[in-house]
Every structure is written in structure tokens, then in C-alpha cells.
Amino acid sequence: MLPTVRVRKMALGRGVYAVRRLRRNQTIGEIMGRVIDDPDYGSEYCIELGPDRNMEPVAPFRFLNHSCEPNCEVFSWNPEPGEDPSVSDRLWLQALRTIQLGEELTIDYGWPADVAIRCQCGAGNCRGWVVSEEELPTVLRQQRRKNKAALQTRKEKTR
Ligand SMILES: [Zn+2]
């Protein structure tokens with residue numbers, strides 16, 4: 001099979017780039033990795049498979065970066081009755097739109113609020129944080145509280 005993607009070094013770490021044009025809705029490839037059954041497991045790259053289950057992906061898709069306006073999406077199949085249930089532990093990457101040769105592939109990490117970090121994806125509709133849309137209000141609330149506390153500390157110091 002012809003390779004569809006390539007990992008390249010970029011300003012901040014690494015990214016995954018298309019080495020040919022990809023069609024909208026095209027399944028780009030299976031995301032291979034180690035399945036980890038541990039509710040406390042977390043890493044920069046892991047993808048949630050279920051409440052207590054994660055996948056630690058290997059290259060190339062390990063290096064998919066986040067965008068608030070992604071061009072790809074991760075999907076899995078729910079097992080049909082009688083089918084091997086482990087099918088739900090397999091993940092695939094799909095193009096959300098046409099992706100040109102040389103374009104970086106991105107997904108929306110959709111992280112929960114407690115692990116959110118500042119986002120630098122540069123998308124026009126960037127949420128400012130690497131966090132799911134539903135959890136963004138929580139992050140902003142936490143941030144306001146933190147800013148208030150910092151202001152309070154500064155005021156006390158200048159007294
Ligand atoms: Zn962003």
C-alpha cells in the first residue's frame with residue numbers, strides 16, 4: 001500500500017503530513033498502538049477508548065497535532081452482535097475534508113478541562129485552549145478565578 005502520511009519535524013515537536021491528496025471522508029489508516037486498561041493512565045498522546053481504557057498510539061499517528069478546526073477525525077466501530085468485541089479497541093483516522101499534498105493532518109483532542117493547555121493552533125475559530133467545546137466554559141471559569149487570585153496576591157504584596 002502506498003504511504004499516505006509522513007511524520008515531519010516542525011516548530012513545536014513533530015507533525016503528520018499528507019504525502020498525497022486525500023479525499024473527504026477517506027479512511028487514511030488505522031491508528032495502531034497499545035491498549036491500556038487503567039483508569040488513572042494519561043499521557044500527552046493517548047486516545048481515550050472508553051471510561052477506563054486508553055490507547056497509546058505509535059508513529060505515524062502518534063504525532064497528530066491538535067487543531068480547533070481539524071481536517072481529520074478519529075473513529076471506531078461498535079461491535080455488531082456476535083462480532084469480536086475487541087473491534088471497539090481499534091481506531092481509524094478519517095479525512096473531514098479534502099487534504100492537499102503537504103498539508104498537516106490534525107484532530108480535535110477534545111480534552112477535559114482539568115488537563116487543558118493553551119492552544120496555538122492558529123485556526124480562525126481557535127478556542128484558545130486545547131479542550132473540548134463542552135468543557136471550554138469550565139476552563140474559562142477556572143482561569144478567571146486564577147487571574148483574580150493572582151491580582152489579589154499582587155495587591156497584598158504592594159501594600
Ligand atoms: Zn486552537
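What follows is calculated from the coordinates using simple rules that are stated; it is not laboratory data. Not measured: the values here are computed from a predicted model. FYI the Cβ positions are ideal-geometry reconstructions off the backbone, even for glycines, and counts take in every protein chain you see.
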Alpha-carbon centroid distance for the pair the range 44-59 / the range 86-117, whole angstrom: 12 Å
Rounded to the nearest 10, the angle in degrees between the Cα long axis of helix 136-158 and the longest principal axis of the Cα atoms of the chain comes to 30 degrees
Descending semi-axes in whole angstrom, ellipsoid equivalent of the range 111-159, from the Cα gyration tensor: 27, 12, 8
Checking rank on 75-81, 65-71, with mean other Cβ inside 10 Å and highest first, the result is 65-71, 75-81
Pseudo-spin-label distance Tyr41 to Thr153, built 7 Å along Cα→Cβ, given in nm, is 3.5 nm
Treat every Asp and Glu Cβ in the chain as -1 and every Lys and Arg Cβ as +1, leave all other atoms uncharged, and give the resulting dipole magnitude about the Cα centre to the nearest 20 debye. 1440 debye
Protection proxy (average C-beta count within 10 Å per residue), highest first, orders 43-51, 6-14, 21-29 as 21-29, 43-51, 6-14
Net charge dipole size for the range 111-159 [Lys, Arg +1 and Asp, Glu -1 on Cβ; Debye, nearest 20]: 580 debye
Rg over Rh of the chain, using C-alpha atoms and the Kirkwood radius, what does it come to? 1.06
Find how much the distance from Arg6 to Met32 grows on full extension, using 0.36 nm per residue of separation minus their present alpha carbon separation; answer in nm with one decimal. 7.9 nm
Please list the non-local residues whose amide H lies under 5 Å from the amide H of Ser67, H modeled 1.01 Å from N, same-chain partners needing a gap of 5 or more. Ile107, Asp108, Tyr109
